[in-house]
Each structure stands twice: as structure tokens, then as C-alpha cells.
1. Would you point out the residue of segment 1-43, among those that are without any contact (Cβ under 8 Å) to a residue 12 or more places away in the chain and assigned to a strand (DSSP E or B), that is surrounded by the fewest Cβ atoms within 10 Å (Cβ to Cβ)?
2. Going by the conditions given, is LYS74 outside any helix (DSSP H, G or I) and either exposed (fewer than 15 other Cβ atoms within 10 Å of the Cβ) or of a type in the set (D, E, K, R) (or both)?
3. Which ones in segment 56-71 are exposed (fewer than 14 other Cβ atoms within 10 Å of the Cβ) and on the phi < 0 side of the Ramachandran plot?
4. So, of the residues in segment 77-107 that are under 24 Å from SER7 (Cα atoms) and hydrophobic (A, V, I, L, M, F, W, C), which turns out to be surrounded by the fewest Cβ atoms within 10 Å (Cβ to Cβ)?
5. Could you grab the pairs with beta carbons closer than 6 Å, sequence gap of 6+ or different chains, first residue in segment 48-61 and among the aromatic types (Phe, Trp, Tyr), second one surrounded by 14 or more Cβ atoms within 10 Å (Cβ to Cβ) and not in a helix (DSSP H, G or I)?
6. What are the residues in segment 15-41 that are hydrophobic (A, V, I, L, M, F, W, C) and either within 23 Å of PRO119 (Cβ to Cβ) or within 11 Å of the chain's Cα centre (by Cα) (or both), if any?
7. For segment 73-94, enumerate the residues that are farther than 16 Å from PHE54 by Cα and either under 12 Å from the mean Cα position of the chain (by Cα) or among the basic types (Lys, Arg) (or both).
8. So ILE112 passes all but one of these: (1) under 16 Å from the mean Cα position of the chain (by Cα); (2) surrounded by 13 or more Cβ atoms within 10 Å (Cβ to Cβ); (3) within 24 Å of SER7 (Cβ to Cβ). Which condition number does it fail?
Amino acid sequence: MQKPTYSYDKEADVLYISFSPGEKPTAAVELNENILLRFNRAEKRAIGLTLMDFSALVQLAEFGPRNFPLTGLKDLEPEWQEIVIEIITAPPVNQILKVSSYMPSPAETVPITLVEKPPIPVAV
């Protein structure tokens, strides 16, 4: 596995993470309005993440890290959901996105994530 590369656009507040620099993804899924996953669908392997409004994604709230619903998953076909969940809960993506569940009621489960600040100096 290659070492990820990070590119932060301070003006746009977007962090681009490439897990396979130079490789083109075969698919992309908007996990929510701020998180885009790019991947190789056949190999079920992450190529990169785009984190928009990055400073808001990593900003601490009063009670700790902020969590965000993965609203894009519900729009996917079951096969795609399975692939995406497999990718985002495994390295290297799970080193950036910490995926868990929120249960507003016993009958409803909402997938959520918090964004870990990557191990690079990004001034936000």
C-alpha cells in the first residue's frame, strides 16, 4: 500500500487525500454533501477522499468530535452499499473516517462518521 498524499486548498477549505497517487478511480460516491469517496469498484479499493468544508468536519463541538450522517448510502443500490461500507470501514479510509451508528429509535439505524484530522500539518 502506498503512503497517502494530502493536498489542502485553504481558500476553498477542501482536503484532497489520495491513497493511490496517480491512479484514476472507476467510481465515486458522495457519502454526504461534504465527503466524496473515489474508488476502484472491481478491486473494492479506495483511491481517494475529498473532504469539503474540512475545517467544519474536524472542528470539535462542546461534547467532543462532530459526527455527520452518511446520507449518501441510502441512495445506493444494496450491492453498492455493501462495497462502499466495506471500503470505508477498512484501511486506509478507516484511518480518516471513523464510521459508527446512531439509533434515534430501536427500529432506525443511521450510519454516521467523524473525520479524524490527518497526520499532516493542515492549518484550519
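1. ASP9
2. On the way: outside any helix (DSSP H, G or I): no; either exposed (fewer than 15 other Cβ atoms within 10 Å of the Cβ) or of a type in the set (D, E, K, R) (or both): yes.
When the stated conditions are applied, LYS74 does not pass them.
3. Hits for segment 56-71 are GLN59, LEU60, ALA61, GLU62, PHE63.
4. First, the residues of segment 77-107 that are under 24 Å from SER7 (Cα atoms): 84, 87-99.
Add one more test, that the residue is hydrophobic (A, V, I, L, M, F, W, C), and what stays is 84, 87-88, 90, 93, 96-97, 99.
Working: VAL84: 24, ILE87: 22, ILE88: 24, ALA90: 13, VAL93: 23, ILE96: 24, LEU97: 22, VAL99: 17.
Checking each candidate, the answer is ALA90.
5. Between residues of segment 48-61 that are among the aromatic types (Phe, Trp, Tyr) and residues that are surrounded by 14 or more Cβ atoms within 10 Å (Cβ to Cβ) and not in a helix (DSSP H, G or I), the close pairs are PHE54/ASP13; PHE54/LEU15.
6. Result: LEU15, ILE17, PHE19, VAL29, LEU31, ILE35, LEU36, LEU37, PHE39.
7. LEU73, LYS74, VAL84, ILE85, ILE87, ILE88, THR89, ALA90, PRO91, PRO92, ASN94
8. (3)
Quick note: the coordinates plus some simple rules give every number you see, no bench work behind them. Just so it is clear, the model here is predicted, and its values are computed rather than measured. Note: ideal-geometry Cβ built from the backbone for every residue, glycine included; neighbour counts use all protein chains shown.
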